[in-house]
Structure formats: C-alpha cells, structure tokens
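The values are calculated or read from the model by the stated rules, or taken from the named source; none is laboratory data. All values derive from a computational prediction rather than experimental measurement. Virtual Cβ from ideal backbone geometry, glycine too; neighbours counted across all protein chains shown.
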Amino acid sequence: MVALPIRLHESAPPQNIEAEESILGGCLLDSNAYNRIQHLLIPDCFYTQAHQLLWKAIDALGRKGHPTDAVTVTSYLADKKQLARVGGPEMLAQICNRTVSAVNVDRYALLIREKFARREMMRLGHDIATASTDTVNGLERVLRYANEQVERLSDLCLAGDGRDPDEVKYNSLIERLKEVLLKVPDAGLRHFKLKDLGKQFGWRVGELQQLFLNHMASREDEPLMTFQELTDKYGGDTQEWITHGIFPRGTTNLIYGTSGDGKTLLVYDLLYHALTGQAWNNFPQTNKPCKALVIQTDESPRSIIENLGSRLEGMGLEVKFKTRWSLESLLYLREEIEEYAPDLLIIDSLTSVNRFSTRSENDAEYARQIYALGQMSGELNCCTVMLHHANKSGDVRGSSSIRAAFDQILELKRPEDSRSWDDTRRLLSFCKSRFRAPATYTLELQPETKTWKVTGKKDDLNFNPQVGGGTYRESIVDFLAGKRGRVFENKEICDKTAISPSTVRRLTGDLEREKVIQRIKLVNRPRHPWGYFVPDDRLPRGYELASEAQTVTPPSEEFSDRDRDEIASRSPKTIGSYPSQSQENSVSDRAIALNDEKNYEVAKKNKGSRSLSCETTAEQDIQPDPLSDRQRETSDRVQERDRDAIANCHTPSEPPPLPPLDSGGRILKPRCKVYYCGSDTNMKHLKGVLLTVKEIISQTEVSVSGKGWGMDLIRPSCEFSRAAKGANK
C-alpha cells in the first residue's frame, strides 16, 4: 500500500474556467470539435452551472446530428427558456470571441475531466468521513458504501460519458493488445507480453488472441455505398499490373507444383523481365521502374547466385534478397517493405517460412498469417508471389484455407504425355484468379539460358506462334504496347496492323479476357464501341482519351533525333539492297524511304496524309516540261505547312533543296523513284502514301517499287492508285 502526502487547501475546488470556455467556444465555432470530445465529457465535468447548461444544449444538438454553431445553440436555449440562465446571447458571443480555434479541445477535455474527478474525490472523502463518524451505521455497512462509491467514481472517471464500465475495460484491453500484437515484431517478446497481460486480466494467451481476432472481425462491417462511391473509394477503371495478365499489384499469388518442375526458375525469369521492363513472351510489363524483394529460404544462397548471377550481375537492377525469415516475423518485414517500397515480393517457399510454426499445414489456423500477408500487400500496393508444393493428387498441399487465402493460384506441371525427367515441356494453368479468365499455357524451358518460352495455349490452336493467329496476336500486343495509354477501337487496330476485322475482334476479346490488354467503353463515340489499350502506369487512370489530351504535339516534333538517325541509316541500305534491271538505283536518283509505322501518326495530323522522311539528290538528266499558268500559280502559293514538312525531311545541317528551274524560270518535272519500306502486304495504305508523295514533292512523275514486300515490278503512279483503291474496297 502506497501512502500519499495530503495537503489541505482552503481555496476553491479544482477547476479551470478558461479551459471550459475554450471547449464550449471550440464547439460553437467548429461542429467537428464536438464529435472529437463527446465521449469524454458529461455536464457535471463543467464547474459553473451556465457552462453545464450550455454543454447540455450542445450535446443534445450534436447527438441528433444537428450543427452546434452559435446561432443553432442560441435558438435551442431560447426554445427551452434557458438562454437567460447562461448569460444571454452576449455570453455566447463573448465565449466565441475568446476562443482562437478548436485545435486543442481534446487536451482541454481531458484537463477538465481530471478536475471533475478530483472534485468528486473530495466530495466522496467528505461523505465517507461523515458516514464513519455516525456510530448508528455498522462498520460493514460503511465499508460497503465506501467501496461502492469508489468503484462508481472510478468507472465514471474512466467512462467519461456514462458508458458501460465493461465497455471501457474492453476498449482499454483492446488498445493494449494492439500495442503488443501489432507493434512488437519480436515473436518471443510478443508472447511474453501477452502472458503478462493475461495475468493482469485473468485470461490465457490463446483467449487474448481470440478476443483480438473477434475485435478485428467486428470492424469488417462497411456502410452501404453506391457504385460511384465504391469506384471513388477503391480505384478507377483499370487494374494495375506488374506483368500484365500474370501479376496484379496489391495481391497475393501462389505458384505451386511438384518438386523439380521448375517453379523457382519460372519465377526468376518473370522477375528478370519485371526488373528490366521487357515483355515476357508478349505479356507486357509495367512501364514504371520496378523494385523487387526476394525471400529465398527454400534453397541455398549459392543456388541463387548460380541461377541469377549471369542475368543480374552488373545490371544495376533494383532487387534485394533475404535468405533467413519466417512468417512469425511479419512485422519486421512490414517495416522493411515500408522503407524499401518494392513493387514485387517473392517468397520461396510457404513451407520453409513456416518452419517455426506450431500448427500443421492441414490446420485452418495455418492460413491466418497468409491473410495478414495479403492485407499488408494490399495496403502497401505490393504484388506478393509465394511458391508452394503440390500434394499427391496434384492439388495445393495443406488445408483448403490456404487456397482460399490467395487472390490468384497458378499451377506448373508436366504434360500428361511426359515420360522423361529430361522433358522441358510444362503447362502453366491459372486455376484461380479474381482478375482474369482461367487459361492453360504450354511452356518450353531453355536449359542453357534458364528462360521460358510460351509455345501455345491449350485448346486454342490460333495461339501457336507457328500459325498466323499467333503472329497476329503478337502484332496487336506490340502495337498497343508501343502506344501505351492510348485507346483504339477494333477498326483502328485493323487499319494500323493490316489484320482482318474478324481476326482483330476475336483476338482483342481473348487478350482482354486474359488481361494482357484492357478495355473501356467509349461513350463519347457513336454506338459506344469498346476501346482497347495497354495501360500507362504514369497516367492517373492508366489511359487518356483523345478528347482529353491537353496538348497536341506538332508534326515537326514527332520525330526524335534517334528516329531521324535510324531513318537516315536505313535509307541507303534500303536503296542499295534492291538493284533494278536498268541500273536505276544510282546515287543520283531520288530516294524516299517510307516507314509505315512511325510516319503514320505524323501523316494523320498533316491533312490525313502520310508524312515522309526522305533524302533526295538532284537528278542528273532532268526532262523539262512546260507548266500551265494554273500549275505555276499553284506552285507559287506553297503553304507554310508544306515548307515545314519539306524542311523536316532533312537534317538540321542540310538546308532544303530548291526546286529545279529551267531557263525560263519554270519548275522542272523530275523523275522520282519511291521505295516503300513498310510491311503492308495488302496495300491498304498505298493511296495515302501516294497522296503524301504528291503533296510534298510537287509536280513530279512518281513511280513506286514494291520490293519492300518482295516484288520486282516498279509500278507507275496510275497503277499504284488503282491498286490502293482496290485494297481499300
């Protein structure tokens, strides 16, 4: 028993009028201040009667959801005939004027509650002293009265707002459990603290853990929301991916299979492509810089070096490793993830990181830490990939609760017709996914490089890269990945890739279901078609519609220096690689190299025509051709845009050549050869190419060579135009 020194004062009881006025003034100025302190105070906490009446009015309005501003409180007191008792409107105005802000109302509330508790102790002491001097009452009755009053005062001081004392004790215990279970990373120290806490409350450690789990479960109740509120709270139109179609952000993924099937090598291959940003077998990667954390407890550090050394050494990639860890140290891992902020977390394997667990894989409690890991992954927006083993029947080993704890489950196994351990064929199946359609892909392991190649898709013959469907599929993905964040309709994809509309519709549907690409409804276009795209993770929504673009890059800025260098270096090789029958490929010939993919966007902005990147030299033998007055007038009125287009076809150090003139000042009509370097075998875009040639090089005879796709015939412009018209039909 501790003896406390007693000092008697003849001054006023404990109170703080200024703190009471600050609380009342804060509630009158800011209604949110009441919500912060309503559970801490009761009317008796205030020392003066006027303040007690004023708090009763504020409390009555606040509990009904009404504002607690000065006007509302004044009206309420006037209706209750109590306005004069609190000092009238002048008193409320004076309190508001003395209050600077409502920032510290929480501390003021605790202060005046402490003053109230001390006043009650003084009153209780006086009552007990009076009862003890009355010899009529028996000693047992006086002690029982004293104990009841002390307990009432203790509960009142703890509750503050008249709540159930058991609720106060429960909340106090939950707060202490949070401090132990959520903030003590050392598993041994955590158990020690739980044991000590159990002695104080008379509970066992298991009962305390179950109590905390029940408390966490009771918080999983969410209020009703509209669809718009749901979208605003939990994200936009697109799901973020690390590897599109394989690893979504903020999720937990399980890859399982029997020992020796290559699970670790598969994850290492996916890890390398995620770090470098290279597409994995036509599955695009995020275009944000990617960081990874690998927890490898299933194989030796030497094996990690042998499997990844040749690919990661000297690359400077953002990846870190741990070789010793267990799920019991999840809090330690959370601190490291918050500091390092990896995008991808790989754990190999579930069995090895649970080696210190006292529970079996067949127990439902075994999956509790996996749920905690999944919650952490969602909160930190980290994709977690965990490896596990299969049982004898080929399913996930352990309790069914393990399977339920993951967002995605992938199975890696050998084909049914595999008869040898040297067989490098595998099947990768999406057994469970909350983000994409189930599918099974056939893989081929390359033992020399320890990489994997997707060779097909089960029950989908068109996927095989050896047939046309696979080539078309890759063309669509490559095109959309090269235009990240831009949305295209099927007909636009058809025009850009020269693939038939029916094939485009089928393949974009398959790719979207596999989440290799994504789609949105284009409500601002006729008939509301679907728009397909590969998300740009640098944009807030992952995509940007053409109508929402803030700035449009002028055609003169479309080509970067690298593009110009590439075209300049390619043009001579292209010209020299196609010798004609009559030695027409001399250096003096005009040569125009057309790049079907890069120049198409420039052509769209320049009157819908194709813009050309060309290098021309003067023709030695030029046949003069008289021009009509109308042609001469047209050539003299060259628009500024056309001159810019011509200037952009040359390097900055080389000025644009002037059109050749005859002795009479008339523009000559030179001969021009065009070598088409695109991949348009169906000649669907040739009409646009012809129009661009005619626009940039005025008054010329144009012929086009089809050697870009293996033809030897040089077609004049008239045949070129007819072929283009026929292809468009």
Every residue from the stretch 183-210 that is out of contact with any helix residue (DSSP H, G or I) (no Cβ under 7 Å at 6 or more places or on another chain) and over 20 Å from LEU331 (Cα atoms): ASP196, LYS199, GLN200, GLY202, TRP203, GLU207
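Which residue, of ASN253, ASN287, is modelled with pLDDT of 95 or more, of a type outside the set (D, E, K, R), farther than 14 Å from THR451 by Cβ and touching an Asp or Glu at 6+ places or on another chain (Cβ under 8 Å)? Write out each step before concluding.
On the way: ASN287 fails: modelled with pLDDT of 95 or more.
Matching residue, one of ASN253, ASN287: ASN253.
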Criterion: at pLDDT 85 or above and touching a Gly at 6+ places or on another chain (Cβ under 7 Å) - qualifying residue of VAL180, VAL184, VAL205: VAL205
Among (1) more than 26 Å from VAL516 (Cβ to Cβ); (2) crowded, with 18+ Cβ neighbours inside 10 Å; (3) polar (S, T, N, Q) - the single one SER300 does not satisfy: (2)
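What residue, of GLY188, GLY202, GLY277, is on the phi > 0 side of the Ramachandran plot, free of Cβ contacts under 8 Å to residues at least 12 places away in the same chain and loosely packed, with under 14 Cβ neighbours inside 10 Å?
Of the residues listed, the single one that is on the phi > 0 side of the Ramachandran plot, free of Cβ contacts under 8 Å to residues at least 12 places away in the same chain and loosely packed, with under 14 Cβ neighbours inside 10 Å is GLY202.
So is LYS496 buried (at least 16 other Cβ atoms within 10 Å of the Cβ), modelled with pLDDT of 90 or more and in contact with a His (Cβ under 9 Å, 6 or more places away or on another chain) or not? Full working, then the answer.
Numbers: buried (at least 16 other Cβ atoms within 10 Å of the Cβ): yes; modelled with pLDDT of 90 or more: yes; in contact with a His (Cβ under 9 Å, 6 or more places away or on another chain): no.
No; evaluated as a whole, the condition is false for this residue.
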Single match in GLY394, GLY314, GLY374, GLY398 (criterion: crowded, with 17+ Cβ neighbours inside 10 Å, on the phi > 0 side of the Ramachandran plot and in the same structural domain as THR264 (by TED's automatic domain parsing)): GLY398
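Could you pull out the residue among ALA341, ALA364 that is surrounded by fewer than 20 Cβ atoms within 10 Å (Cβ to Cβ) and within 26 Å of the chain's Cα centre (by Cα)? Outline the logic, then answer.
Details: ALA364 fails: within 26 Å of the chain's Cα centre (by Cα).
Step by step, each of ALA341, ALA364 is checked, and only ALA341 is surrounded by fewer than 20 Cβ atoms within 10 Å (Cβ to Cβ) and within 26 Å of the chain's Cα centre (by Cα).
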Lone qualifier among LEU445, LEU511 - being at pLDDT 90 or above, surrounded by 17 or more Cβ atoms within 10 Å (Cβ to Cβ) and outside any strand (DSSP E or B): LEU511
Lone qualifier among PRO248, PRO289 - being exposed (fewer than 12 other Cβ atoms within 10 Å of the Cβ) and in the same structural domain as PRO415 (by TED's automatic domain parsing): PRO289
Candidate set from the stretch 31-53 (those that are closer than 15 Å to ALA102 by Cβ and in contact with a Phe, Trp or Tyr (Cβ under 9 Å, 6 or more places away or on another chain)); member that is surrounded by the fewest Cβ atoms within 10 Å (Cβ to Cβ): ILE37
Residue count, the stretch 518-533 (criterion: touching a residue at least 12 places away in the same chain (Cβ under 8 Å) and either closer than 11 Å to ARG436 by Cβ or not in a loop (DSSP other than H, G, I, E, B) (or both)): 7
Verdict on GLN52 being over 20 Å from GLY25 (Cβ atoms) and either in a helix (DSSP H, G or I) or among the β-branched types (Val, Ile, Thr) (or both): no
Among (1) within 48 Å of the chain's Cα centre (by Cα); (2) in contact (Cβ under 8 Å) with a residue 24 or more places away in the chain; (3) outside any helix (DSSP H, G or I), the one test that GLN82 misses: (1)
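Have a look at ALA372, ALA437 and point out the one that is outside any helix (DSSP H, G or I) and within 31 Å of the chain's Cα centre (by Cα).
Values: ALA372 fails: outside any helix (DSSP H, G or I).
Exactly one of ALA372, ALA437 is outside any helix (DSSP H, G or I) and within 31 Å of the chain's Cα centre (by Cα), namely ALA437.
So, in the stretch 375-392, exactly how many residues are outside any strand (DSSP E or B) and over 11 Å from THR258 (Cβ atoms)? It would help to see each step written out before you state the result.
Taking the stretch 375-392 and keeping what is outside any strand (DSSP E or B), we get 375-382, 391-392.
Add one more test, that the residue is over 11 Å from THR258 (Cβ atoms), and what stays is 375-382.
Counting residues in the stretch 375-392 that are outside any strand (DSSP E or B) and over 11 Å from THR258 (Cβ atoms) gives 8.
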Number of positions in the stretch 365-412 that are closer than 22 Å to ARG249 by Cβ and among the hydroxyl-bearing types (Ser, Thr, Tyr): 3
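Looking at GLU416, GLU411, which one is of a type in the set (Asp, Glu) and in a loop (DSSP other than H, G, I, E, B)? Walk me through it before giving the result.
On the way: GLU411 fails: in a loop (DSSP other than H, G, I, E, B).
When all the criteria are applied, what remains is GLU416.
Could you grab me the full set of residues in the stretch 354-369 that are hydrophobic (A, V, I, L, M, F, W, C) and not in a loop (DSSP other than H, G, I, E, B)?
In the first step, residues of the stretch 354-369 are kept if they are hydrophobic (A, V, I, L, M, F, W, C); the result is 356, 364, 367.
If the condition is that a residue be hydrophobic (A, V, I, L, M, F, W, C) and not in a loop (DSSP other than H, G, I, E, B), then ALA364, ALA367 are the ones that fit.
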